[in-house]
Structures are given as structure tokens and as C-alpha cells.
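Asker: Quick one: the structure is below, and I'll ask about it shortly.
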Amino acid sequence: MTKRLMSATSEGKKRLFVAEPPSVLKRLLEEKRSHLTYILPELESLYNVSENKPRIRYYPGVEGYRSVYEDTLTCKSKLLFGIYSVKDITDVLGVQYVDEMVERRLRAGITLRILRSREKEMGIYPSRTSELREVKMAPDGMIFPIITFVYDNKVIYLSSKKETFGLIIESSDIAQAHKNYFDALWLVGE
């Protein structure tokens, strides 16, 4: 009855159910086809199968934040570039978790070049060859409210604790642009 394939009528104390004509099936299928035709372009744009389009994935909450951060361990080039404050990442995930990620990055053989903000510096995770990490400080006054990593054809963003989300953008052009921004900042870092 909810699909309008049958109807009910009352005759005295009896309730009779009657099937609708078969043409109702055709009408229902046409309604579904019309609805699909309407939403298909939007679904196609979300699917994003073209290699020439950037792929953008949003991950909400602490688990999403963690998932995006862990994606840095998939770095095929073994060169990871970061712009962030250690305080911001430890505020969300804790020092113990970040320590574990450092160990996992080392086991994966991934080198990290990082630009950090003096204003949020905690004095941990300094430049250390044995930990495949080179650190420079951004010029005074440069505060990074969003954590950024660039590697391979990806740029990832990790929010502040206030917003708590992770974002992965897969695009060789966007990654190259962010790598260039990193290189320019690296030149003025100390």
C-alpha cells in the first residue's frame, strides 16, 4: 500500500485489498527513472573518476584527524614537507601518539622537513639526523593555525583542536604549488 500497488476498501466489517492495475508498476519505474536522471549529474561529480580532477576527502573528528595524519606514512617519495606547530598536533592527539607516529615514520624511512612557528614552539622534536628530521623556524609573527603536509601528489590539512578535522587533497598541481610555497618559506626560515 505504501508503494501504491494495492488499495483497501471497507465493506461493512470487512476490509478488502485490491491490486492496482499493472500499469502502476510502469508509472513507479518512470518516477524512479526521473528521479535518477535528476540526481545522476550530482552523483557523477561526487564520483570524480577523471585523473585530471583533484580528489578531495574530508574526515571529521579526532578519528578523521588521526586517519589523515596517518596517511603521511604512505609517502612514496620518502620526502615529507610540513608547516605546523607541534603544540597544535599534540593538543589533539597527545605527545605519546605523536611519538608513536615519529617511530612509524622512521621505520618507513620517511624524511621530514618542517617549518614551525616560534610563538607555538614547545622545544620538542628538534632537527635530528638520526630521526630523519630537519627543522626551521618561520619568521617572527608567522603563526600557522592549520597543519599542512605535502608529499607525492597530496596536500593534507589538519585543523586546530577547535575544529578537529582532516582534509586530503590529491592533485599534482595543488601539491606542486604547495611545495613551492614551502620552498619559499624554507628559504626565509632560520
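Asker: Which one of the conditions (1) buried (at least 20 other Cβ atoms within 10 Å of the Cβ); (2) at pLDDT 95 or above; (3) over 18 Å from Val188 (Cα atoms); (4) not small (Gly, Ala, Ser) does Ile89 fail to meet, given that it meets all the rest?
Answerer: Among (1) buried (at least 20 other Cβ atoms within 10 Å of the Cβ); (2) at pLDDT 95 or above; (3) over 18 Å from Val188 (Cα atoms); (4) not small (Gly, Ala, Ser), Ile89 violates only (2).
To keep it simple, each residue is scored yes or no on (1) within 24 Å of Ile169 (Cα to Cα); (2) touching a Pro at 6+ places or on another chain (Cβ under 9 Å); (3) in the same structural domain as Phe165 (by TED's automatic domain parsing); (4) modelled with pLDDT of 85 or more.
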position	(1), (2), (3), (4)
Ser10	no, no, no, no
Lys26	no, no, no, yes
Leu29	no, no, no, yes
Ser34	no, no, no, no
Thr37	no, no, no, no
Leu43	yes, no, no, no
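Asker: Give me the pairs, please: first residue somewhere in segment 171-190 and in the same structural domain as Met142 (by TED's automatic domain parsing), second residue anywhere and at pLDDT 95 or above and of a type in the set (Gly, Ala, Ser), beta-carbon distance under 8 Å, and either six or more positions apart or on two chains.
Answerer: Here the result reads none, with nothing in segment 171-190 linked to a residue that is at pLDDT 95 or above and of a type in the set (Gly, Ala, Ser).
Asker: Select from segment 128-145 the residues that are surrounded by 12 or more Cβ atoms within 10 Å (Cβ to Cβ) and of a type in the set (Gly, Ala, Ser) and list them in ascending order.
Answerer: Passing the criteria: only Ala138.
Asker: Could you tell me which of the residues Ile124, Ile143 is more than 26 Å from the chain's Cα centre (by Cα), of a type in the set (Val, Ile, Thr) and within 19 Å of Asp91 (Cα to Cα)?
Answerer: Ile124
Asker: Among the numbered criteria (1) more than 22 Å from Glu70 (Cβ to Cβ); (2) touching a helix residue (DSSP H, G or I) at 6+ places or on another chain (Cβ under 9 Å), which one does Leu167 miss?
Answerer: (1)
Asker: For Gly94, indicate whether it is surrounded by 15 or more Cβ atoms within 10 Å (Cβ to Cβ), among the small types (Gly, Ala, Ser) and out of contact with any Leu (no Cβ under 6 Å at 6 or more places or on another chain).
Answerer: no
Asker: Within the group Lys78, Lys3, Lys14, which residue is exposed (fewer than 10 other Cβ atoms within 10 Å of the Cβ) and modelled with pLDDT of 85 or more?
Answerer: Within the list Lys78, Lys3, Lys14, the selection yields Lys14.
Asker: Name the residues in segment 128-162 that are over 17 Å from Ala184 (Cα atoms), at pLDDT 90 or above and among the hydroxyl-bearing types (Ser, Thr, Tyr), would you?
Answerer: Passing the criteria: Thr129, Ser130, Tyr157, Ser159.
The values are calculated or read from the model by the stated rules, or taken from the named source; none is laboratory data. The model shown is predicted, which means the values in this text are computed figures rather than measured ones. Please note: Cβ atoms are built from the backbone with ideal geometry, for glycine as well, and neighbour counts cover all protein chains shown.
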